[in-house]
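Only one structure is covered here, and it is reproduced in the block below.
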Amino acid sequence: EFVAAYREMIATRKTEGTKRIYTTALKNLYKYDPDIEEKTFMDITKDYVRGYIDHRFSLGRKNNSVSNDHKGILLVFNRAMEQGKALSNPAAGIKIKRGITVHRNLSAEFLRAIFNYKYDSIDQPYFDLFKFIFLLRGINVADLCVITPDQIINGRLEYDRLKTGTHYSVKIEPETYE
């Protein structure tokens with residue numbers, strides 16, 4: 001019952017990336033409890049969820065990873081409560097502090113070296129793609145694949161991010177055309 005609801009929740013997610021996160025979280029539940037398939041909503045208690053979270057941390061997993069696993073359980077139970085399949089949510093009230101993602105910024109000096117490096121002809125297309133993405137403020141590849149020339153207006157690329165729907169207006173620098 002629980003696993004079937006979990007799979008239904010995964011199917012409702014809009015992006016493949018989000019589906020992948022929750023599919024991985026479900027696989028992690030199977031590793032923790034090989035009998036998870038047999039569990040009902042009543043079998044998943046607050047102690048069960050805490051035990052699972054403690055298990056994930058004991059494997060050396062970071063806060064953000066464990067938080068994703070916890071969020072999956074939370075969402076499944078929220079939906080089950082809305083549908084009258086569960087009376088309470090054992091994952092509710094359990095807090096996992098999300099960690100700060102370490103930024104891996106590249107220095108201006110390093111970027112200049114990359115941009116000025118003379119690449120072999122076989123590597124050139126990959127460098128050109130990196131440079132193009134960089135100059136378009138790190139446009140996501142999925143968004144890059146669907147942009148069209150009519151989205152260039154007054155020297156700017158106007159597009160809505162596929163994943164979030166957020167509108168972006170990116171100035172097209174002269175180097176982008178090189």
Residue order for 67, 169, 107 - accessible surface, 1.4 angstrom probe, largest first: 107, 169, 67
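Tell me the net charge near residue 142. Cut-off is 11 Å between Cβ atoms, residue 142 excluded, with +1 for each Lys or Arg and -1 for each Asp or Glu. Walk me through the intermediate numbers first.
Numbers: positive: 161, 163; negative: 16, 143.
Net charge in that neighbourhood comes out at 0.
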Qualifying lysines (Cα of each under 20 Å from Cα of residue 163; at least 8 residues distant if same chain): 14, 19, 71
What does the charge count near residue 106 come to, summing +1 for each Lys or Arg and -1 for each Asp or Glu among other residues with Cβ under 13 Å from its Cβ? +2
Whole-Å distance, taken between Cα centres, linking the stretch 29-68 and the stretch 114-178: 41
With the Cα gyration tensor of the chain giving a ≥ b ≥ c as the square roots of its eigenvalues, does the rule (a/c under 1.5 for rounded; else a/b larger than b/c for prolate; else oblate) give rounded, prolate or oblate? prolate
Just reorder 47, 123, 54, 33 by solvent-accessible area, largest first, 1.4 Å probe, all chains present. 47, 54, 123, 33
Keeping all protein chains in position, work out how much accessible area residue 7 exposes to a 1.4 Å probe, and write it in Å² to the nearest 10. 120
Round to the nearest 10 and report in Å² the accessible area of residue 81, as given by a 1.4 Å probe over the protein chains' heavy atoms. 80
Not counting ligands, DNA or RNA, and with a 1.4 Å probe, what is residue 56's accessible surface area in Å² rounded to the nearest 10? 10
Between helix 16-32 and the chain: long-axis angle, C-alpha atoms, 0 to 90°, nearest 10: 40
Once you sort the root eigenvalues of the Cα gyration tensor of the stretch 122-178 as a ≥ b ≥ c, which label holds: rounded (a/c under 1.5), prolate (a/b larger than b/c) or oblate (the other case)? oblate
What order do 55, 70, 167, 103 take when sorted by accessible area (1.4 Å probe), most exposed first? 103, 167, 55, 70
Nothing charged except the Cβ atoms of Lys and Arg (+1) and of Asp and Glu (-1): what's the magnitude of the dipole of the chain about its Cα centre? Round to the nearest 20 debye. 640
Any chance you could give the angle, 0 to 90 degrees and rounded to 10, that helix 2-12 forms with the longest Cα principal axis of the chain? 30
The chain, relative contact order in percent, only Cα pairs under 8 angstrom and at least six apart counted: 16
Cross-link partners of residue 46 among aspartates and glutamates (Cα-Cα below 14 Å; sequence separation of 8 or more within a chain): 54
Using a cut-off of 19 Å between alpha-carbon atoms, which lysines can reach residue 118, once sequence neighbours fewer than 8 places away in the same chain are excluded? 131
Can you give me the accessible area per residue for the stretch 33-178, using a 1.4 Å probe, in Å²? 70
Angle in degrees between helix 63-82 and the longest Cα principal axis of the chain, rounded to the nearest 10: 60
So, over other residues within a Cβ distance under 14 Å of residue 75, counting Lys, Arg +1 and Asp, Glu -1, the net charge is +4
Selection from 5, 59, 114 lying farthest towards where the dipole of the chain points positive, charges on Cβ: 59
If each DSSP helix of 4+ residues adds -39,500 (n - 2.57) and the sum is divided by the residues in the chain, what number results at 222 nm, nearest 500 deg cm²/dmol? -15000 deg cm²/dmol
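The values are calculated or read from the model by the stated rules, or taken from the named source; none is laboratory data. For clarity, every value in this text was computed on a predicted model and none was experimentally measured. Virtual Cβ from ideal backbone geometry, glycine too; neighbours counted across all protein chains shown. The accessibility values were calculated without ligands, DNA or RNA, using every heavy atom of the protein model including side chains. Shrake-Rupley method; radii C 1.70, N 1.55, O 1.52, S 1.80 Å.
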